[in-house]
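Asks: First the structure, which I've put down as structure tokens, then a few questions once you've had a look.
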Amino acid sequence: MNFNAFPLEGCYCIEPLIFDDNRGYFMESFNEKTFAEKTGQSIHFVQDNQSFSSKGVLRGLHYQVGEHAQSKLIRVLSGEILDIAVDIRPGSVTFGEYVSIVLSAQNQKQFFIPKGFAHGFLVLSETATIFYKCDNFYNKASEGGIIYNDPKLNIDWQLPDTELILSEKDAILPTLENARQAW
């Protein structure tokens with residue numbers, strides 16, 4: 001596996017080694033020991049989630065606070081998405097900055113997002129199936145969120161607002177300035 005660090009501390013693009021032959025392919029999608037060696041972070045995942053969405057669906061920007069904060073390892077099983085992580089760690093030198101990556105079933109890249117980041121994604125293909133691992137259990141009372149079009153974040157979602165499909169909940173999230181503190 002190749003681990004490529006993003007400018008935001010703790011975020012990584014992980015590219016698996018893929019072994020192709022006439023039967024198909026094999027790849028290791030996660031190895032706890034390799035992850036710790038390459039990132040210096042110890043991680044133990046406790047929950048797997050999967051979602052299916054259509055083109056233009058934007059989910060996010062979501063996070064959990066306090067003791068229920070989650071690190072996530074995201075990958076795409078079918079289709080293509082634009083995946084976003086926003087640094088919401090108080091006192092971080094990159095607070096309010098974001099990184100983005102295109103994840104697809106074709107490129108097999110994965111995106112590791114540590115605790116202290118808001119996460120969101122936009123489906124770029126006709127449909128997409130997203131799979132992600134979390135190192136903490138979901139806790140509704142610890143939810144936080146930031147509106148996708150916060151002008152201070154200025155995220156380039158790659159599609160015009162008229163093509164975006166949001167849940168009612170995501171459409172009324174606060175700006176980063178008014179969002180729930182991460183810690």
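Asks: Across segment 71-108, what is the total count of residues that are on the phi < 0 side of the Ramachandran plot, among the polar types (S, T, N, Q) and not in a strand (DSSP E or B)? Give the derivation first.
Replies: We begin by selecting, within segment 71-108, every residue on the phi < 0 side of the Ramachandran plot; these are 71-78, 80-90, 92-95, 97-107.
Imposing the further condition that a residue be among the polar types (S, T, N, Q) reduces the set to 71, 78, 92, 94, 100, 104, 106-107.
The next check asks that each one be not in a strand (DSSP E or B); those that pass are 71, 92, 94, 106-107.
Looking only at that region, the number is 5.
Asks: Do the conditions hold for residue 125, that is, is it in contact with an Asp or Glu (Cβ under 6 Å, 6 or more places away or on another chain), more than 16 Å from residue 10 (Cβ to Cβ) and either small (Gly, Ala, Ser) or modelled with pLDDT under 95 (or both)? First the steps, then the outcome.
Replies: On the way: in contact with an Asp or Glu (Cβ under 6 Å, 6 or more places away or on another chain): yes; more than 16 Å from residue 10 (Cβ to Cβ): yes; either small (Gly, Ala, Ser) or modelled with pLDDT under 95 (or both): yes.
Yes.
Asks: What is the residue count in segment 30-59 for residues that are surrounded by 11 or more Cβ atoms within 10 Å (Cβ to Cβ), more than 16 Å from the chain's Cα centre (by Cα) and of a type in the set (Ser, Thr, Tyr)?
Replies: 3
Asks: Which of the residues that make up segment 103-125 are surrounded by 18 or more Cβ atoms within 10 Å (Cβ to Cβ), hydrophobic (A, V, I, L, M, F, W, C) and over 18 Å from residue 155 (Cα atoms)?
Replies: Hit for segment 103-125 is 112, nothing else.
Asks: Looking at segment 9-33, I want the residues that are under 30 Å from residue 95 (Cβ atoms) and free of Cβ contacts under 8 Å to residues at least 60 places away in the same chain and have a partner that is surrounded by 12 or more Cβ atoms within 10 Å (Cβ to Cβ) and of a type in the set (A, V, I, L, M) with Cβ atoms under 8 Å, at least 6 apart or on another chain. Which pairs are those?
Replies: 32/43
Asks: For segment 132-169, enumerate the residues that are within 15 Å of the chain's Cα centre (by Cα) and of a type in the set (A, V, I, L, M).
Replies: Selection gives 146, 155.
Asks: Still on this structure: Output the residues belonging to segment 36-70 that are polar (S, T, N, Q) and in a strand (DSSP E or B). Steps first, answer last, please.
Replies: If we filter segment 36-70 for residues that are polar (S, T, N, Q), which is where we start, we get 39, 41-42, 47, 49-51, 53-54, 64, 70.
Within segment 36-70, 47, 49, 50, 51, 53, 54, 64 qualify.
The values are calculated or read from the model by the stated rules, or taken from the named source; none is laboratory data. Fair warning: this is a prediction, and the values are worked out from it, not measured in the lab. Cβ sites come from the backbone with ideal geometry, for glycine too, and all protein chains shown count toward neighbours.
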